[in-house]
Amino acid sequence: MCAWQTAAGSLLELAEKNGVQIDSGCRAGNCGTCLVALKSGEVNYLHEPGVTVEAGSCLTCIALPKTALVLDA
């Protein structure tokens, strides 16, 4: 379990800083490589994703937690 704080950056950056491996590509929300299942909670995006994000998932490269989260990463 990792605690997010504003200085941690995106969820992808938080994961990387804590040794959690998540595939990534563009890091801008356009390729969908960093898409993971969102088991619970809600996210906000730094900007509008460039790809369609299915319900129950999130793009970790541009996502910030809105509520407490559980990701399948």
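We did not get these values from a lab; they are worked out from the coordinates using the rules stated. The structure presented is a predicted model; accordingly, all values stated were derived computationally and were not measured. Cβ coordinates were reconstructed from backbone atoms using ideal geometry, including for glycine residues, and neighbour counts include every protein chain displayed.
Can you list residues from other chains, or at least 5 along the same chain, whose modelled amide H is less than 5 Å from the amide H of L71?
For L71, whose amide H was placed from the backbone, the distant partners under 5 Å are K39.
Please find the FRET efficiency linking T33 to A8, where r is the Cβ-Cβ separation and R0 is fixed at 22 Å, and quote it to the nearest 0.05.
0.65
I want the local charge near S57. Using Cβ-Cβ distances under 13 Å, sum +1 for each Lys or Arg and -1 for each Asp or Glu among the other residues.
Numbers: positive: K39; negative: E42, E54, D72.
Local charge sum for S57: -2.
So how many Å³ per residue does the convex hull of the Cα atoms of the chain work out to? Display every interim value, and only then the final one.
On the way: hull volume 5.8 nm³, N = 73.
In the chain, the Cα convex hull volume per residue is 79 Å³.
Given G32, V20, A8, which one lies farthest toward the positive end of the charge dipole of the chain, if we put +1 on the Cβ of every Lys and Arg and -1 on the Cβ of every Asp and Glu?
Among G32, V20, A8, the one farthest towards the positive end of the dipole of the chain is A8.
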